[in-house]
Structure formats: structure tokens, C-alpha cells
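Q: Can you read through this structure? Questions will come right after.
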Amino acid sequence: MFTSSLTRRSLLKAGAAGAALAALPFGAARAANPIVIGAVYVGPRDDFGWNQAHATAMDILKQVPGVTVIEEEKVAETDAVTQSMESMINLDQANLILATSFGYYTPFVVEAAKKYPNVQFRHAAPLWKEGDPKNAGSYFGYLNQAHFVNGVAAGLSSKAGKIGFVAAKPIPSVLSNVNSVLLGARSVNPNATVQVIFTGEWSLPVREAEASNALIDAGCDVITCHVDGPKVVIETAEARGVKSCGHNASQAPLAPKGFITGAEYKWETIYKIYADALATGSELPNFIAGGYHNDMLRNTPYGAGATPEAIQAADAAIAGLKAKKPIYVGPLKDNTGKIVIEGTMDNYDPVLDGMGYLLEGVQGSTT
Amino acid sequence: MSQGDLFIVFIALIGGAIRVSTPFMFVALGECLTEKSGRINLGLEGNLVLGAMVAYAGSYTTGSPWLGVLMAGCSGLVLGAMHGYICKLPKVNDIAVGIAFMSFGIGLAFFFGKPYIQPTAPRLEAIPLGGWSSDPLVAQALQVNPLFFLGIALALFLRWAFANTRWGLILRMTGDSAASARAMGVSVDLVRLLATAAGGFLAGVGGAFLSLFYPGSWNEGLSSGQGLMAVALVIFARWDPIRCVLAALLFGAAGALGPSLQSIGVSQGYYFFNAAPYILTLFIMIASARSKSAAREAPGELSIVK
């Protein structure tokens, strides 16, 4: 192999590639080894929420020279995802699969990773652990940090000091967002409260609208949410003349009068890390947990609903989070009066991943 | 729970009944009309979703939401007419065709609806009927869309027309005994084609309410099975247009129960309260279906009755 390739032609090629490599480290390697990234979404690309956040990042990735992006939307968390991934690998020669929905991981991503050891798989939830295939991995953003900023801005933009939260299901990541909104609001207004209504499902537009109306009727003058597609919640708040904070993707265009800011993922940061690693042939990290400190979150640019004081305080909060300033500072009680956090928690402490309570100041129940 | 809290829940139930019931009402009335002719169109969920998309797209491109409603109705009419035509072919099962049309309508809506998810279309305006009350809750609950009244008027009209007009008699006769209708020289297939098309039109209008009023936006997760539930409501309402409206109102009110109880602090057990409409339907159906008169009220030609 080595001797047969030692021709003048291949030497010239290698020399040229080497020279190019020195000048443009990624470009040359890309030319030699095309990067095809396949993304699988559980819902529509433009749901104003979770899937749109990923799709926006993929659009940015498409601009990177040498990277080809293929996408498939509305792929169920069933055998369908296996078929999507296999067709991306076999027909499009994908060398990285991004499986963006929680239920894709076991067994589908794990099985596919075993079957295709030369393809990289990354999954958007903190599920990868030691012992899982080395060519699989997880990436995840601690969105509650951006919700904390939402809370700060909402706390200073609300007249009533009452923030309404339309939540899908009482799972740790949702509860952490609710609690972070409360702590953010309390950091600027000690009397602020958050009222939460659970709809029980990730996407139920009519009930989300009902829940938003019920919260506004109960006196909340800022509405935010954690559901798959926040479009209905934000539009209902705008139509009722109250302010709103977004979730997952930018909903600013939906509420020109009352939008304050929103908690957004910045998935392109991770996706660029992956693309660069593929280009240089280095190993992709198996686990990336992100927040404000490593540029994996952002807050939507402030809308007309944000007061000047709110903008100032929210900017300060973002600066604090970038410096890893902790959100959960004990002692903190849950809303039944039990102490749940004793000391100061790091923002990435794994204990927080198991959060099963609503803090004191949140009206609502997890059951 | 204080008295004030009970008042909040009560108002929320009324508001919910008014806001949520309209799509159920239109689909149920449309299905009632179709089933009276002796045919079942299970595909109205498809009409509903396609109607929602067409209404939003129509309102966005023409700038007139009411034109959007009309276009939604026409899209439903086309789907209904296709269903009616296919079912007249020999050995075709209307239920199976209905399921195919449900998938077809939803698929069409998703395929052509992509470009309309992001833009904002003009919505239908509500009539503020709560101006007499100083209570903002009452004023909010009584923001009523004209389609709501249109649905009630339509139900009254259908009830009257079924009983008192020549057309109503022909429709009922076709539904109860196709043989008699043929003996009278009535074209059974034509009657059913028209009834299915008209039913499809109404379901399309119901979809327009979803996208242009409440919740008032177009996206692919807009309908959570309202079209299917409404078909069940017809059986529940025993093929009576007035009872269709009452069932739709009950369903809307029950759907508002979960969120409103959480809003006043009764937050335990929301899964149960959210399931309330379905539990309620189940019980009323068991109670009502046991009577002999219930069996008599079903059109005799329906494939589920025969």
C-alpha cells in the first residue's frame, strides 16, 4: 500500500495537501474527506420551538464550507428513526448523525452506533454514559440559566410581580426552568411569585391557550412557558395585552408589543465543534454540557415589553452566569416548606438533574 | 376553596365552553348531516386540519379572514364530495374510505401548509358581549366569535329542516331506508354525495375557527383530535343537531376545568382533571346508550348499525 502509493503524482498531491493544510487547516482536510451531517427532528423544522432551535443551528452550519447538511423532520421516536439514520448513512454517506429528540437514544441510537462503528452519533439529552458505544455521545444545554435571565427581566417588567408559566410535564428539566424563573424574578423583586399550570402533554395547542388564559385571569401579567412549540402561548399573551418571555427559539416576531426576552439554545456552538473535529480527524467529545459559560445559550434580543431597568439587570445576570455565578443558593425550601437545597449548588451539579420539586414562591403542584 | 375561587372556575367553564366548543360544534353538525343520510365520514379530522390550513393561508394572502373561512369550507366541501363519490362505487366501505381521507386531508394540509407556519395572518374578531360587566374575567369570557352563534343558528335550522322540509324528509328517508328512497324515485347516491359534501364544508369551517380564532395560529400540531372526538359526539348526541351543540358546549367546558382549577390553586391531580371530558363522555354514553330509544334514533342505514 505504502510503496505503491509512492508515485510522483501522489507525492505532489500529498505535498499540495500538506501546504494547504498548513495554511488552511480545515479546508484541505474537508476537501479530502467530505463532511456530511444528518439531523433528525421529531417535529416540524419551524415549530417556533425545540426543533426550530436545532434547524436554525443547522442552517448556520450549512454556511461552513465543505459541510453538507441533510435533515429529516417529523420522525417518530420509533423504528422510524432507525430507518432515517440508516438511509442517511447508506445513501448520503453521513459521517455524523444528530438525533435531536429525547426518545431516540435507547434503543435506536445505541443500536445504530453498534452497527455502524465508523459513523458518529450524537444525541441531544444527557443520556450517554461510560460503557455506551464510543462513537455515540450526548450534548445538552442547561436552558434554565437563560430562564433565570428571563425571570430577572420579567421580575422588573411585571407590574403585578406575578409570572405565569405554562409547563408541559413535571420532569426535572421543566421544573428547573420554572424554579429558575422564580429565582431570577426574586433576585430583583423579593415578592415576585410564579404560578405554573401543567398541560400534561408536550403539544396541545388548545389546552396551552386555555392555560395561558387561566393564568392571565388569575392576575399574571407576564407569561412564559416550556412546551414544544410556544407559538400559541406567546400569541395568546400578546392578544390579551400582557407581556411574555420565550422558550427554545425566538418568538419575538409573534409579540411585537409585549415580548420581553426568551431563553434560547445556541446549538450552532456545539455543531461547529463537531464539524471542526470531523474536519481535523480528531475525536468528537462524547459528552458536552453547556450553558452561558461556554457560549451554548443566548437570550432573545429584548423586545418592546422589556423596561430599561429590566434590560440592565438581565445583562448583568448574563455576565454573572458567564462567570459561573450560581443560581441555586441555599437554603431553599420547596413550596411545601421542606428544605431541598442546603448549600450553594454549582450550575452544572448533577444533583440538579434530578429536581422533583417546585420552590417556595411557585404556586402549583408536580402531581 | 373560597366563593371567589368558585366564581373564577365557573366563569372559566363558561368561557371555555364558548371558546373551545365551536370546532366541535361545526364538525359534529357536519357529521350529523352526513350520518342522517346513512353514511359515516370518519375523515372529518382531515377536513378540519385542511380547513385550518386553508383558512390561515387564505386570510394571509387575501387579507380577509372571512374569505379564509369560506375557502376553508370549500376545501372541506371538495374532500367531502370526493368521499361521497368514492363511497357510491360498488363494494366500498365508507369507514375505510373515511380513514383514508383523514390521512389524505392531514397530509395535504401539512404539505401545502409549510410556508404559512411563520407568517402572521389577520384573525377573526370577537364580539365583546361582556361590556356590561365591570369584572374583567366576565368581559374576557364573553369575547364571543360570530362563528359560535352561526353554529347555534345552524343547529336550530338543521333541527327544523330535518323535521319540516321536503329536503329533510328525503335525507332522513335515505338514511333510514335506502330501499324506500329508491322506491320513491330518490337518487340515494346523489343525496349522500350532497350530504357528505355539505358535512365536509362545515368541518372545514370548524378548522378555520381553530387557526383564525382560537387558539388562532397555524402549525402542524394544531388539532389534537378534535375532528375525531366530534364524530364520536354525534353518536353521543344521538343524531340530534341541538344535542350536538350541547355536547360540544359540555366538552368545551370540561376541557377548561383542568387549567382553571390549577389557576386557583387546586393543582393536585391535574392529569385527572385534564381527562375529565373523556371520562364524562364515557359515563354519559354508557348511561344513554342503554335505552331502547337510543337505538331507535340511529339512522337505519348506517354501517355501524346494520
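The values are calculated or read from the model by the stated rules, or taken from the named source; none is laboratory data. Every value quoted in this text rests on a predicted model; they were computed, and no experiment measured them. Neighbour counts run over all protein chains shown; Cβ positions are idealised from the backbone, glycine included. The accessibility values were calculated without ligands, DNA or RNA, using every heavy atom of the protein model including side chains. Shrake-Rupley method; radii C 1.70, N 1.55, O 1.52, S 1.80 Å.
Q: With +1 assigned to the C-beta of every Lys and Arg and -1 to the C-beta of every Asp and Glu, and no other charges, what is the dipole magnitude of segment A:28-141 about the Cα centre in debye, to the nearest 20?
A: That gives a dipole near 400 debye.
Q: Additional query: Given the rule -39500 (n - 2.57) for each run of at least 4 DSSP H residues, summed and divided by the residues of chain B, what is its mean residue ellipticity at 222 nm, to the nearest 500 deg cm²/dmol?
A: -24000 deg cm²/dmol
Q: A further question on this structure: Which helices, taking whole DSSP H runs in chain A, have alpha carbons extending 15 angstrom or more along the helix axis plus mean Kyte-Doolittle at least -1.0?
A: On the way: long enough: A:8-23 (23 Å, 0.59); A:50-62 (19 Å, -0.28); A:79-92 (19 Å, -0.12); A:144-157 (19 Å, 0.36); A:172-188 (24 Å, 0.78); A:205-217 (18 Å, -0.23); A:267-280 (20 Å, 0.17); A:308-322 (21 Å, 0.48).
Sorted by number, the helices that extend far enough and score high enough are A:8-23, A:50-62, A:79-92, A:144-157, A:172-188, A:205-217, A:267-280, A:308-322.
Q: Sticking with this structure for a sec: In terms of the Cα gyration tensor, with a ≥ b ≥ c the square roots of its eigenvalues, is segment B:62-166 rounded because a/c is under 1.5, prolate because a/b exceeds b/c, or oblate?
A: Values: a/c = 2.82, a/b = 1.44, b/c = 1.96.
Oblate.
Q: In addition: Just checking the output field for A:42-52: average partner chain Cβ neighbours within 10 Å of each residue's Cβ? Intermediate results must be reported in sequence, preceding the final value.
A: Details: counts 0, 3, 7, 2, 6, 4, 4, 2, 0, 0, 2.
The mean count of partner-chain Cβ atoms within 10 Å per residue comes to 3.
Q: Another question about this same structure. Nearest 100 Å² is fine: what is the total accessible surface buried where chains A and B meet, probe 1.4 Å?
A: 2900 Å²
Q: Let me ask something additional. Taking only Cα atoms and a 10 Å spring cutoff, compute GNM fluctuations for chain A and point out the largest among A:ASP221, A:ASP132, A:ASP46.
A: Top of the fluctuation ranking is A:ASP132.
Q: Once you sort the root eigenvalues of the Cα gyration tensor of the protein assembly as shown as a ≥ b ≥ c, which label holds: rounded (a/c under 1.5), prolate (a/b larger than b/c) or oblate (the other case)?
A: Judged from the Cα gyration tensor, the protein assembly as shown comes out oblate (a/c at least 1.5, b/c at or above a/b).
Q: Under a point spin-label approximation (7 Å from Cα along Cα-to-Cβ), what is the B:ALA100-A:ALA76 distance to one decimal in nm?
A: Distance between the two pseudo-spin positions: 2.1 nm.
Q: With a 1.4 Å probe and all protein chains in place, put A:THR106, A:THR366 in order of accessible area, largest first.
A: Correct descending sequence by accessible area is A:THR106, A:THR366.
Q: Positive end of the dipole of segment B:84-165, charges at C-beta (+1 Lys, Arg; -1 Asp, Glu), about the Cα centre: which of B:ILE106, B:PRO90, B:LEU147 has its Cα farthest in that direction?
A: Among B:ILE106, B:PRO90, B:LEU147, the one farthest towards the positive end of the dipole of segment B:84-165 is B:PRO90.
Q: Now, a different point. Where Lys and Arg each count +1 and Asp and Glu each count -1, what net charge lies around A:ILE223 among other residues with Cβ under 15 Å from its Cβ? Walk me through the numbers before you get to the answer.
A: Numbers: positive: A:LYS159, A:LYS162, A:ARG207, A:LYS231, A:ARG240, A:LYS243, A:LYS257; negative: A:GLU208, A:GLU210, A:ASP217, A:ASP221, A:GLU235, A:GLU238.
That works out to +1.
Q: Can you give the angle from 0 to 90° between the axis of helix B:166-176 and the longest principal axis of chain B, with both taken from C-alpha atoms, to the nearest 10?
A: Value to nearest ten degrees: 80.
Q: Related question: For segment A:186-248, count the residues as N, evaluate 2.2 N^0.38 Å, and divide the Cα radius of gyration by that value, please.
A: 1.08
Q: Rank these residues by their accessible area, most exposed first, probe 1.4 Å: A:HIS293, B:HIS83.
A: So the residues, ranked largest to smallest area, are A:HIS293, B:HIS83.
Q: Order these peptides, A:241-252, A:226-237, A:171-182, by their mean beta-carbon neighbour count within 10 angstrom, highest first.
A: A:226-237, A:241-252, A:171-182
Q: Would you mind classifying segment B:92-251 by shape? Square roots of the alpha carbon gyration tensor eigenvalues, ordered a ≥ b ≥ c; an a/c under 1.5 is rounded, otherwise it is prolate if a/b is larger than b/c and oblate if not.
A: oblate
Q: Using modelled backbone amide H atoms (1.01 Å from N, in-plane), which distant-in-sequence or interchain residues come within less than 5 Å of A:LYS333's amide H?
A: The list, which skips near neighbours in sequence, is A:VAL340, A:GLU360.
Q: By average Cβ neighbour count within 10 Å, what is the ranking of B:210-221, B:150-161, A:277-288 from highest down?
A: Ranking the peptides B:210-221, B:150-161, A:277-288 by packing returns B:210-221, B:150-161, A:277-288.
Q: Keeping the other protein chains in place, figure out the carbon and sulfur percent of the accessible area of chain A, with a 1.4 Å probe.
A: That fraction is 58 percent.
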